[in-house]
Amino acid sequence: MFSSSRPSLLAVRGEIVHFIADPAERGAAACEHFPDGLLLVTAGRVLRCGPASALRPGLPADVRLIDYGGKLILPGFVDTHTHYAQTGMIASPGGELSAWLETYVYPAERRFADPAHAAAAAGFFCDELLRNGTTTAMVFATVHPASVDALFAAARARRMRLIVGKALMDRNCPDGLRDADAAEGDAHTRALIGKWHGCERLLYAVTPRFVPTSTPEQLERAGRLFAEIPGLRLQSHLAEQRGEIAWVARLHPEARSYAAIYERHGLLGARAIYAHCIWLDDDDRQCMAARGAAMSFCPTSNLFLGSGLFDLARARAHGLRVGLGSDIGAGTSFSMLQTLNEAYKALQLAGQTLSPEQGFYLATLGGARALYLDEAIGNFAPGREADFIVLDPRATPLLAYRTSRAATLPERLFALMMLGDDRCVTATYLLGEAVRHDAPGSSRQS
Ligand code: GUN
Ligand code: ZN
């Protein structure tokens, strides 16, 4: 079945779980599950996946077979919102947004003017993502172009899929963390796009930090740029805290809502993604859905800062694209498993629930759709980039104990999302190559 003229064929055996649709729409049919499965990879891409019993007999004798018996194989996690420059101040006490930004975030971000500081932080950040099984992320850098260069360089060296942007900030922020004016922010952004956008697996995101830190002229220029260059992404924050909303209303008394300001400047289109989206009304949701903008649900951050509860049911009712975000450093974990744990609890407080299927969908294909990357990543459809992870459902004594009592896949996935973290990530693969590996069971097929 597979010609032996394909020496680079890799066959990964284990329990395969991936999503071909949203379980909230398609129910059980959204999930493909092969209890004893094979994932076939060639030239960095998925060739196909299916039951080992069906695929194994057709494999060439020289196939490289890696056996992860007893472990789960999933697409790599997608983190749709995070800040790499905040890794060093994670777990600084939270609270009111602008006080927290001024006390902890801005002093940490100012240090990213130094390329050596940025390079060290970028390497650590990328390795931490991979250690946690996150293979794609959309990331805020700081206002300094060198901070973007450092992160793209670190991602490229690891062959990761990263979307990064220089924060645009030209008012209401301290010295050393401000574009001289809107024109300078625009010029720096254009230069970075020329250098990095579409380079290997990297994409650029136009990154106005949030309404309070950009003049109307800066928002205007960001909207023009976003419309001008194909494939650009856009990232920002929206409606995170009530005090922030009041501040935005004082700055823009003419605006119907916070989201309406982004809309007016052409910033709410397809390939734009907004973190938080808590204090919205249905007109805002409707407008975002109609324009194609996506939401990043950041539960660890929302609980840590006391921002409020994301309304997943309303987002779904409007057909919005939603992904999960760690939002480091208001978020408290790089782990998408821990992020799912807190997503579940935040939704419980909102009178909603999160099934394990819905949770793992959000962390993989849902995130890829929110980033408009689902033709490249997010599941194991043939031709997708072979970014995948191996999860150990018995990684800790408690998980092993609980998993041994779980009769069904949803029960085991639920235990993983409530009790799991980086300790569960046995291996992370980018384009079919292991970048992190604990005790691999590798062999030639006999
Ligand atoms: N709003 C504007 N900037 C930030 C940030 O860095 N973190 C969070 N959580 N919210 C923001
Ligand atoms: Zn953020």
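Looking at the stretch 91-107, can you tell me whether even one residue there is touching a Leu at 6+ places or on another chain (Cβ under 6 Å), within 16 Å of ligand 1 (Cβ to nearest atom) and at negative phi? Looking through the stretch 91-107, at least one residue is touching a Leu at 6+ places or on another chain (Cβ under 6 Å), within 16 Å of ligand 1 (Cβ to nearest atom) and at negative phi. State which residue is surrounded by the fewest Cβ atoms within 10 Å (Cβ to Cβ) when the search covers only the stretch 268-277 and only residues that are within 16 Å of ligand 2 (Cβ to nearest atom) and assigned to a strand (DSSP E or B). That would be Ala272. Restricting attention to the stretch 177-226, and to residues there that are within 16 Å of ligand 1 (Cβ to nearest atom) and of a type in the set (Gly, Ala, Ser), which single residue is surrounded by the most Cβ atoms within 10 Å (Cβ to Cβ)? Across the stretch 177-226, the extreme among qualifying residues is Ser214. Selection of the stretch 379-408 for residues being of a type in the set (Gly, Ala, Ser) and either free of Cβ contacts under 8 Å to residues at least 40 places away in the same chain or within 16 Å of Leu340 (Cβ to Cβ) (or both) yields Ala395, Ala400, Ser404, Ala406, Ala407.
Among residues of the stretch 277-300 that are within 16 Å of ligand 1 (Cβ to nearest atom), those with a beta-carbon under 6 Å from a residue that is among the charged types (D, E, K, R) at least six positions away or on a different chain give the pairs Cys298/Asp327; Pro299/Glu342; Thr300/Glu342.
When the stretch 306-356 is filtered for residues that are within 14 Å of ligand 2 (Cβ to nearest atom) and more than 23 Å from Trp100 (Cα to Cα), only Gly323 remains. Where helices (runs of 4 or more DSSP H) sit wholly within the stretch 333-415, none has at least 3 residues that are closer than 14 Å to Pro299 by Cβ, touching a Phe, Trp or Tyr at 6+ places or on another chain (Cβ under 6 Å) and of a type outside the set (Gly, Ala, Ser). Quick one: count up the residues across the stretch 229-250 that are over 22 Å from the mean Cα position of the chain (by Cα) and either among the basic types (Lys, Arg) or closer than 15 Å to Leu192 by Cα (or both). Looking only at that region, the number is 3. Tell me whether the stretch 30-49 contains one or more residues that are out of contact with any helix residue (DSSP H, G or I) (no Cβ under 8 Å at 6 or more places or on another chain), modelled with pLDDT under 95 and not in a strand (DSSP E or B). No, every residue in the stretch 30-49 fails to be out of contact with any helix residue (DSSP H, G or I) (no Cβ under 8 Å at 6 or more places or on another chain), modelled with pLDDT under 95 and not in a strand (DSSP E or B). Listed here are the helices (runs of 4 or more DSSP H) enclosed by the stretch 204-267 that have at least 2 residues being in contact (Cβ under 8 Å) with a residue 24 or more places away in the chain and at positive phi, and there are none. Can you confirm whether the stretch 106-118 contains a residue that is under 26 Å from Arg384 (Cβ atoms) and modelled with pLDDT of 95 or more? No, the stretch 106-118 has no match at all.
Residues checked against (1) part of a helix (DSSP H, G or I); (2) under 22 Å from Gln358 (Cβ atoms); (3) of a type in the set (Phe, Trp, Tyr):
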{"site": "Trp279", "(1), (2), (3)": "no, no, yes"}
{"site": "Asp283", "(1), (2), (3)": "yes, no, no"}
{"site": "Ala289", "(1), (2), (3)": "yes, yes, no"}
{"site": "Thr300", "(1), (2), (3)": "yes, yes, no"}
{"site": "Ala315", "(1), (2), (3)": "yes, yes, no"}
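Ile328 satisfies every condition listed in (1) touching a strand residue (DSSP E or B) at 6+ places or on another chain (Cβ under 7 Å); (2) farther than 20 Å from His83 by Cβ; (3) within 16 Å of ligand 1 (Cβ to nearest atom) except (2).
Tally the residues that are under 16 Å from His237 (Cα atoms) and near ligand 1 (Cβ under 10 Å from one of its atoms), restricting the search to the stretch 301-315. So the answer is 4.
Rundown of residues vs (1) aliphatic (A, V, I, L, M); (2) surrounded by fewer than 22 Cβ atoms within 10 Å (Cβ to Cβ), yes/no style:
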residue: Ala313; (1), (2): yes, yes
residue: Arg316; (1), (2): no, yes
residue: Thr332; (1), (2): no, yes
residue: Met336; (1), (2): yes, no
residue: Leu349; (1), (2): yes, yes
residue: Ala381; (1), (2): yes, yes
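The values are calculated or read from the model by the stated rules, or taken from the named source; none is laboratory data. Because the structure is a prediction, the values reported are computed rather than measured. We place every Cβ from the backbone using ideal geometry, glycine too, and count neighbours over all the protein chains shown.
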